[in-house]
1. Distance between Cα centroids, the stretch 383-435 to the stretch 268-303: provide it in whole Å.
2. Rule-of-thumb check for the stretch 207-360: C-alpha Rg over 2.2 N^0.38 Å?
3. On average over all directions, what projected area in square nanometres does the stretch 339-410 have, based on the convex hull of its Cα atoms?
4. Once fully extended, how much extra length lies between residue 325 and residue 48, figured as 0.36 nm per residue of separation less the alpha-carbon to alpha-carbon distance?
5. Compute and list, largest first, the equivalent-ellipsoid semi-axes of the stretch 17-64 from the alpha carbon gyration tensor, each √(5λ) rounded to a whole angstrom.
6. Determine the alpha carbon to alpha carbon distance for each of 50/342; 246/389; 349/405; 84/349; 40/321 and list only those over 24 Å.
7. Using a/c under 1.5 as the rounded threshold, could you call the chain rounded, prolate or oblate? The axes a ≥ b ≥ c are square roots of the C-alpha gyration tensor eigenvalues, and prolate needs a/b larger than b/c, oblate otherwise.
8. Rounded, prolate or oblate: which fits the stretch 3-185 when a ≥ b ≥ c are the square roots of the eigenvalues of the alpha-carbon gyration tensor, with rounded for a/c under 1.5 and prolate only if a/b beats b/c?
Amino acid sequence: MSQTAAPAPQAAIAVEGFENLYQMAASQFTRAADTMNLDKDLRVILSQPKNEIIVNFPVRMDNGSYQLFKGYRIQHNNILGCYKGGIRYHPQVHLDEVKALAAWMTWKCSLAGLPFGGGKGGIQIDPTKYSADELQRITRRFTHALGSNIGPDFDIPAPDVGTNGQTMVWMMDTYVNTFGAAHKNVSRHVVTGKPVSAGGSEGRDEATGRGVVYTIAAWAQEKKFDLAKATYVVQGFGNVGSFAAKILTGEYGSTLLAAQDHTGTIHNANGIDVEALFKYAIEKKGIAGFPGAKAIERDDLWKIKADILIPAALEAQITSKNAPIIDVKLVAEGANGPTTPKADEIFVKRGIDLIPDILCNSGGVIVSYFEWTQNKQGESWYLDEVRAKLKRRITDAFDRTMRVKAQYKTDMRNAAMIRAVDRVSTSYKERGIFP
């Protein structure tokens with residue numbers, strides 16, 4: 001039996017002012033805890049995830065050789081309910097990154113009022129380098145290796161960067177076949193983000209992007225700002241960024257000026273045809289070469305004057321280096337952790353509003369909750385029901401954040417964190433620590 005070398009483990013990625021991404025996430029928690037004068041014992045409890053699961057598993061490649069993969073599943077907190085969070089396939093996946101993402105999921109679920117805690121998982125691979133058959137075997141072996149560490153009423157994975165509905169179907173099928181045929185239909189909610197044909201929810205594919213737009217609309221209403229006259233820029237034209245653009249232009253009449261993804265950066269001062277770009281990106285697997293706009297340098301995206309910037313790519317994209325040149329009224333975080341604390345400070349000083357990630361991109365986990373609920377109850381909701389329920393829940397979260405912002409006279413990120421931490425801390429105070 002031949003074996004190929006596993007991908008070399010990657011060191012933690014330093015984030016401006018921090019050794020790794022988890023330190024950045026922890027600093028946001030600490031700031032909120034300081035502002036709200038959080039009990040010191042609760043700070044200790046919430047300072048680290050409950051469980052850090054690392055599995056190493058072999059997978060047969062198409063050429064007959066075997067490769068060893070390292071997978072992560074971090075379970076940050078479950079005081080409010082099951083662990084919930086995505087599975088990421090990306091070359092930058094690292095323990096500290098997954099810990100940060102799991103922590104943000106705890107706060108995201110809490111802020112949205114969901115009966116979930118936070119979790120996250122991933123494998124450090126570039127999924128474009130593997131065939132569909134290899135990805136299926138990788139996914140199934142990873143699911144099997146996790147075993148009872150996931151479950152429909154314990155820890156519920158979902159898609160994230162580099163994964164999709166097909167990945168979730170493979171995970172679900174592996175899980176239900178592992179734990180017996182009698183559970184095949186009652187355990188479909190072990191994962192969310194499935195295709196509708198496999199028990200998924202209507203509206204799940206657009207959910208995160210739609211949630212981004214609903215929070216932008218809530219901000220616009222607060223500011224009495226006409227979105228029909230708005231211009232915007234999207235950094236990251238994947239699932240979140242592309243759907244946000246489709247909805248912001250198609251339903252609210254805003255104009256897309258520029259977009260960026262892993263293949264390139266494009267700009268058109270007169271506006272980009274979003275529907276045409278959406279179709280082109282699917283067909284060409286990227287936006288580079290789109291005929292309705294001109295190519296520009298990657299870093300020039302930040303210099304484009306617009307009303308709204310939607311960072312919808314990876315973490316730590318906006319730093320103290322580019323924050324001073326960003327010329328917008330609002331930053332709406334479609335991605336997790338796209339803005340460093342130093343950039344946050346610059347935006348506050350410059351009067352640029354920001355809708356933080358744990359609020360702005362929570363549409364995905366909200367509709368995942370809807371899918372989980374439908375599976376448990378044997379129901380199937382119509383698309384208009386899903387959209388209406390999403391709008392109400394995420395707008396309520398926005399309104400709660402605005403009230404906390406006014407109460408503590410602080411910025412939106414800190415206000416969202418305070419509200420999220422308060423709900424978790426209240427549960428601990430009510431329940432106590434066992435034994």
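Please treat every number below as a calculation from the coordinates, not as lab data. Please read all numbers here as calculations on a predicted model, not as lab measurements.
1. 36
2. Details: Rg = 14.0 Å, N = 154, 2.2 N^0.38 = 14.9 Å.
With N residues counted in the stretch 207-360, Rg over 2.2 N^0.38 Å equals 0.94.
3. On the way: hull surface 24.6 nm².
Across all orientations, the stretch 339-410 yields a mean hull projection of 6.1 nm².
4. Details: separation 277, 0.36 × 277 = 99.72 nm, distance 3.53 nm.
Residue separation times 0.36 nm, minus the Cα-Cα distance, leaves 96.2 nm.
5. Working: eigenvalues 279, 40, 9 Å².
Taking √(5λ) for each Cα gyration eigenvalue gives 37, 14, 7 Å.
6. Details: 50/342 29 Å; 246/389 20 Å; 349/405 16 Å; 84/349 35 Å; 40/321 35 Å.
Too far apart for the 24 Å limit: 50/342; 84/349; 40/321.
7. Working: a/c = 1.43, a/b = 1.16, b/c = 1.24.
Verdict is rounded for the chain.
8. On the way: a/c = 2.55, a/b = 1.47, b/c = 1.74.
Because a/c hits 1.5 or more and a/b fails to exceed b/c, the stretch 3-185 counts as oblate.
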